[in-house]
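The structure appears below as structure tokens.
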Amino acid sequence: MINTIPSKRKVFLAGVNLNNSNFNYYMDELAKLAEANQMEVVGRSWQNLETIVTGTYFGLGKINEIKHLAKELHATVIIINDELTPTQIRNLEKMTKLSILDRTELILEIFSNRVRTKQAKLQVQLARLQYELPRLHPSENRLDQQRGSGGGFNNRGAGETKLELNRRTIQQQISNIKKDLKKINQQEIIKATQRNNSFLPQVALVGYTNSGKSTTLNNLLNEYSKSADKKQVFTKDMLFATLDTHVRRIDLENKLSFIISDTVGFVSNLPHNLIESFKATLQEVRDADLIINVVDASDPNILQMIQTTTKVLDELQIGDVPIITAFNKVDKTDRSYPQIEGNGNILYSAKDPESIKLLAKLIQKKIFSNLQVVELFLPLQMGDKLNYLHTHGQVIEEKYQDNGIYIKIKICKKIADKFAKYNYKKAKIN
């Protein structure tokens, strides 16, 4: 039997430009999202308007033009560059006789296909149901069977068609998922608390999807990790290659260690329900002592990407956590690398060992700038605490006495505060 590769769905992109200077960027991004969802973009069209047409999104003439263009190019799906209302979707499907997918649903479909952990799957399912709830409607045509075919929205909800779903069923599903997520989130909070209690500084990699966060993490692990946490994170040159949060430990050469997390990538106009659903997953960012915003320096839309990340961080209410902007993929530009800019940001390539070393030095400078030399006196039976200090600090001097252990050590403020009650007192030295 000959194995054949399934053909990609042919899609046609369309949008309305409300005099937005970033419109072309959003349309290009929409094409990349479609490609990330294993679709073939065969064409695109747009209309310049002052306001969106309430019932149909486009004007009637533009709808006819898009319909004919899409069919001539054998497209089966029209992807719209905005989130549509239920009425707009129904009217456009009726008028074009083609499946309509809006930007929000496309992103949700990608997420549905890519998430791996139970928590992330529930989060995406929750966002999908919240999107679907106001769109329940007895279809006026037979396109419901087509919409989303081949993606995470196959058959609209675990094998059921729209006609078999009803508002009460979805509301009950939403309620059940929220309960399940609450339990999982509590477990994740416990894990996060344990990491906080380790008193290791925490660093969070954030940024636009496909900017190189996972590659940065992998090569930091290659260079510095000495533990089982060296397990690599999946990487691929496409939007949303990985959607699950990964947490690893980095052990620097001078006995200083920190926890680093690689979080879900961002994209412009990320669905609000998705951000809300993933807030628990993004707890790693809120708990961080340092945030590294990884940016693709070779992309001409770099400013929009930085703005997108900043907007999402604002929605997460990050607060006063210090942020380093790490301009990755500089090897694809004519700029010199690796180098630290005057404002404390870095130009680097995540695939370059020297860049990774410079990034590690910058992280060390930022999170261990408050290292302090302290003198402690531990009871003899506290060998476990002594081992902890050896693991997480730089021992300068150590003496065993009859009634305890004197240790002079360079450690970060978090650990110094933890051991404050063991501060050395001359009276204890024989």
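Let's see how each residue does on (1) among the acidic types (Asp, Glu); (2) over 21 Å from ASN219 (Cβ atoms); (3) surrounded by fewer than 17 Cβ atoms within 10 Å (Cβ to Cβ):
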residue: LEU290; (1), (2), (3): no, no, no
residue: LEU303; (1), (2), (3): no, yes, yes
residue: GLY319; (1), (2), (3): no, yes, yes
residue: ILE324; (1), (2), (3): no, no, no
residue: LYS329; (1), (2), (3): no, no, no
residue: GLY342; (1), (2), (3): no, yes, yes
residue: TYR348; (1), (2), (3): no, no, no
residue: LYS351; (1), (2), (3): no, no, yes
residue: SER355; (1), (2), (3): no, no, no
Output the residues belonging to region 302-337 that are modelled with pLDDT of 85 or more, more than 22 Å from ASN22 (Cα to Cα) and not hydroxyl-bearing (Ser, Thr, Tyr). VAL321, PRO322, ILE323, ILE324, ALA326, ASN328, LYS329, VAL330, ASP331, LYS332, ASP334, ARG335
Residue among TYR57, TYR26 that is within 21 Å of PHE111 (Cα to Cα), touching a residue at least 12 places away in the same chain (Cβ under 8 Å) and among the aromatic types (Phe, Trp, Tyr): TYR26
For region 122-134, pairs from a residue that is among the acidic types (Asp, Glu) to a residue that is surrounded by fewer than 20 Cβ atoms within 10 Å (Cβ to Cβ), with Cβ under 8 Å and 6 or more apart or across chains, are GLU132/GLY157; GLU132/LEU165; GLU132/ILE170
Which pairs do you get when a residue that is within 15 Å of PRO353 (Cα to Cα) and part of a loop (DSSP other than H, G, I, E, B), found in region 323-342, comes within reach of a residue that is of a type outside the set (Val, Ile, Thr) and open to solvent by 50 Å² or more (accessible area, probe 1.4 Å), reach meaning Cβ atoms under 9 angstrom, with the pair 6+ apart or on two chains? LYS329/LYS351; TYR337/ASP331; TYR337/GLU354; PRO338/GLU354; PRO338/LYS357
Go through (1) modelled with pLDDT of 90 or more; (2) at positive phi for GLY344 and report which single condition fails. (1)
Can you pull out every residue in region 372-389 that is in contact with a strand residue (DSSP E or B) (Cβ under 9 Å, 6 or more places away or on another chain) and surrounded by 14 or more Cβ atoms within 10 Å (Cβ to Cβ)? VAL374, GLU375, LEU376, PHE377, LEU378, MET382, LYS385, LEU386, LEU389
All conditions in (1) open to solvent by less than 60 Å² (accessible area, probe 1.4 Å); (2) at positive phi are true of VAL11 except (2)
Is it the case that some residue within region 222-234 is among the aromatic types (Phe, Trp, Tyr), open to solvent by 20 Å² or more (accessible area, probe 1.4 Å), at pLDDT below 90 and under 17 Å from the mean Cα position of the chain (by Cα)? yes
Those residues of region 14-26 which are touching a strand residue (DSSP E or B) at 6+ places or on another chain (Cβ under 8 Å), open to solvent by less than 70 Å² (accessible area, probe 1.4 Å) and either closer than 14 Å to PRO300 by Cα or not aliphatic (A, V, I, L, M) (or both), in sequence order: GLY15, ASN17, PHE23, TYR26
Please verify whether SER369 is farther than 30 Å from ASN273 by Cβ, open to solvent by 40 Å² or more (accessible area, probe 1.4 Å) and among the hydroxyl-bearing types (Ser, Thr, Tyr), treating the condition exactly as stated. yes
Which one is farthest from ILE324 (Cα to Cα), of the residues in region 343-361 that are touching a helix residue (DSSP H, G or I) at 6+ places or on another chain (Cβ under 6 Å) and without any contact (Cβ under 8 Å) to a residue 60 or more places away in the chain? SER349
The lone condition THR193 fails out of (1) among the hydroxyl-bearing types (Ser, Thr, Tyr); (2) surrounded by 13 or more Cβ atoms within 10 Å (Cβ to Cβ); (3) in a helix (DSSP H, G or I); (4) modelled with pLDDT under 70 is (2)
Any chance LEU243 is modelled with pLDDT under 75 and open to solvent by 10 Å² or more (accessible area, probe 1.4 Å): no
Give just the number: which of (1) at positive phi; (2) open to solvent by 10 Å² or more (accessible area, probe 1.4 Å) does ASN64 not satisfy? (1)
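The values are calculated or read from the model by the stated rules, or taken from the named source; none is laboratory data. Note that the structure is predicted; figures quoted are calculated from it, not measured. Cβ: placed from backbone, ideal geometry, glycine included. Neighbour counts: every protein chain shown. Ligands, DNA and RNA are stripped out before the accessible areas are found, and what is left, the full protein with its side chains, is counted by its heavy atoms. Shrake-Rupley method; radii C 1.70, N 1.55, O 1.52, S 1.80 Å.
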